[in-house]
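The values are calculated or read from the model by the stated rules, or taken from the named source; none is laboratory data. On a predicted model such as this, the values are computed, not experimentally measured, just so you know. Positions of Cβ are generated from backbone atoms using ideal geometry, with glycine treated the same way; all protein chains shown enter the neighbour counts. To get the accessible areas, we keep the full protein, side chains included, count just its heavy atoms, and leave off ligands, DNA and RNA. Shrake-Rupley method; radii C 1.70, N 1.55, O 1.52, S 1.80 Å.
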Amino acid sequence: PLDWKMAEDTVVQPNVLIVCKRIQKKYLDFPPALVAEILSPSTAAKDRNIKMELYRAQGVRYYCILDIQFKKIEIYELINNLYEPVSVNPFTFDFTFDTCEAHVSFEDLWE
């Protein structure tokens, strides 16, 4: 997996990420446009608190949380430097970034 270097001593490995720029190193030295984390009971608190704050501070535009236990999808968008919920359990969602777009279907996710 591709590491995302956020600071001198902090490296995170999101479950999924989308970037709209060319990756030129073995790690990202710029924030991705979207990060998605798949929750497990052992990582839920870290994903909802520590990682969410790290992603917010780095300017990641979208943060998605996929909760397998409750079959729930939460999509947050960075608005005025805060993550605001923009969709819960969508069938599809159109992510719009500065230089690219992504149309994501979640319809078959839990099958």
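Structure summary
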| item | result |
| --- | --- |
| Top-ranked residue in the range 24-51 [being open to solvent by 20 Å² or more (accessible area, probe 1.4 Å) and of a type in the set (Val, Ile, Thr); ranked as farthest from the chain's Cα centre (by Cα)] | 43 |
| Test: residue in the range 86-104 that is among the aliphatic types (A, V, I, L, M) and out of contact with any strand residue (DSSP E or B) (no Cβ under 6 Å at 6 or more places or on another chain) | no |
| Any chance residue 72 is at negative phi, open to solvent by 40 Å² or more (accessible area, probe 1.4 Å) and at pLDDT below 90 | no |
| Yes/no for residue 63 being surrounded by 11 or more Cβ atoms within 10 Å (Cβ to Cβ) and in contact with a helix residue (DSSP H, G or I) (Cβ under 7 Å, 6 or more places away or on another chain) | yes |
| Residues that are charged (D, E, K, R) and either in a loop (DSSP other than H, G, I, E, B) or without any contact (Cβ under 8 Å) to a residue 24 or more places away in the chain (or both), drawn from the range 65-101 | 71, 72, 74, 77, 84, 94, 98, 101 |
